[in-house]
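If you scroll down you'll find the structure; I have some questions about it.
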Amino acid sequence: MPTLYTQLDKNTHNRYILGVFIFLFLFFQPLSLDSSFSETKTFGINIAKAACPTGFADCDGNSLNACEVDLLTDKNNCGYCGVKCNGACTNGQCLKIAGGLISCGRLSDNCVTPIDESAPCGLCALFYMLKNIINFVMTLTIGVGVFILVITGLLYAFSAGNSRKIELAKSAVTSAITGIAIVFIAWLVIAVILQGMGYANMATWNQVNCNMPSATVTCVCGDGIWDPELGESCDGLSGVARSPEESSPSHQYACTASCTPTGGYAGDGIVNGPEICDQNSPITNDCSGIYTTGLPAWCTGVPVAGTQTCNSTSTDWGACTVSEPLPVGSSSTACSSTSPQMNDYACCELVSCTKDGCDCCGRPAGAAIPGGYTNVQSLSPCGTSNNSCRLNQSIAIPRNWTITTNHTTAAFRCWE
């Protein structure tokens, strides 16, 4: 007996171990997470993970902080995960870097300069601002002076000997040259004074050497940051079209290693990227199906051929266009006539029935019904019920039709 109990205890113990392994396998499966919608199994309960709200995304793949990125404002994930901006991200678009006189406190750093324009303003930034003002005044003076010289030259050329206009032109030229000279002489005087005081030489007196924070970004093709100022059309994922509506020949769905657009765009005749179709592609979509609108009652619910062309934005197929009825034709007329078979049509109908010269309103017996066919429509030329025009449908093959007449002419139409 003790031996029997010992054996039973061992069997019970093995069953417990096996049961634990089965429990762990069934109820503690690894997590399976998708970027948009996922299902997690924990203790046998399915927990659905919904898609991120509009404007947010799970860029690090960590389920514990899913949807952690604001795609509308995150400069490292602007619009899409991995799209970096030199500066601020506004509404999912990188804020374009612009020039300015103030070299501090900006929303973005200009990668063209060696300093960080997004750093807080300080005393050093004041000197950079003075430098920018001086450079701006020098450039503006040259531009305005050249413009005045051109205008006064035209005034002198078209003066036609008018002494007043000639004197006005001379006076304007003198003023322009004087203004330019004053600016450059002032620059030269300051340079000479500072050089005499030992602060700088004439070539570098307007350079700023204080400790301004260095630039935080560099302008390099391949850094993943789109720099239009360098002539880049795109860079990595930055600057590429994210939808057919955004795309164009200069703004395509992908970017080459040399920062030029590639990958296609809406209207290039090829289905690319997120396009459902392309507006300039000759490819159409088959939308054949059950069609009832405008068909006679005996044809309700028959299949007809239809096609769709791409819409103007390359985002979806347009309305389904079914095949138009064939042009109206006429069957032959005689004392008793049967038309050639009209095969493989989804639907046919009689349009009119007219008498010939042999009898007033067709024969009273009406038109015959061929064997293997059933009469689906009958018309009489004079309002009587002699049914001198008949449309007949094949019993074995419903897509085959024929028309019979008796001293009448039948006009008809068919749908493919």
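Tell me, in nm to one decimal, what length is gained between Ile397 and Asn62 on full extension, where the rule is 0.36 nm per residue of separation less the Cα-Cα distance?
Working: separation 335, 0.36 × 335 = 120.60 nm, distance 6.21 nm.
Extra length available between Ile397 and Asn62 comes to 114.4 nm.
Further question: Roughly how many whole Å is it from the C-alpha centroid of region 383-410 to that of region 111-171?
With region 383-410 and region 111-171 each reduced to a Cα centre, they are spaced 91 Å.
Between Phe127 and Thr73, take the C-beta separation as r, use R0 = 22 Å, and let me know the FRET efficiency to the nearest 0.05. Walk me through the numbers before you get to the answer.
Values: r = 33 Å, r/R0 = 1.48.
After rounding to 0.05, the efficiency reads 0.10.
Oh, and also: At a 10 angstrom cut-off on C-beta neighbours, averaged per residue, how do the peptides 277-283, 238-244, 405-411, 349-355 rank from highest to lowest? Each step should come with its number before you reach the end.
Values: 277-283: 14.9, 238-244: 21.1, 405-411: 24.1, 349-355: 18.1.
Averaged packing, sorted descending, gives the order 405-411, 238-244, 349-355, 277-283.
Grab the beta carbon distance between Ile182 and Ala157, set R0 = 22 Å, and tell me the FRET efficiency rounded to 0.05.
On the way: r = 27 Å, r/R0 = 1.23.
For Ile182 and Ala157, the calculated efficiency is 0.20.
What do you reckon, how do Leu64, Leu155 stack up by accessible area (1.4 Å probe), largest on top? Let's see the in-between values first.
Numbers: Leu64 160, Leu155 55 Å².
Correct descending sequence by accessible area is Leu64, Leu155.
Jot down the per residue volume, in cubic angstrom and as a whole number, of the convex hull over the alpha-carbon atoms of region 237-282. Provide the component values of the computation, followed by the final result.
Details: hull volume 2.7 nm³, N = 46.
Roughly 59 Å³ of hull volume per residue.
Here's a follow-up. For Thr374 and Thr292, compute 0.36 nm times the residue count separating them, minus their Cα-Cα distance, and round to one decimal in nm.
Numbers: separation 82, 0.36 × 82 = 29.52 nm, distance 2.12 nm.
Full extension of this stretch gives 27.4 nm more.
The values are calculated or read from the model by the stated rules, or taken from the named source; none is laboratory data. Note that the structure is predicted; figures quoted are calculated from it, not measured. For neighbour counting, all protein chains shown are included, and Cβ atoms are generated from backbone atoms with ideal geometry for every residue, glycine included. The protein model used for the area step is the full one, side chains on, heavy atoms only, and it has no ligands, DNA or RNA in it. Shrake-Rupley method; radii C 1.70, N 1.55, O 1.52, S 1.80 Å.
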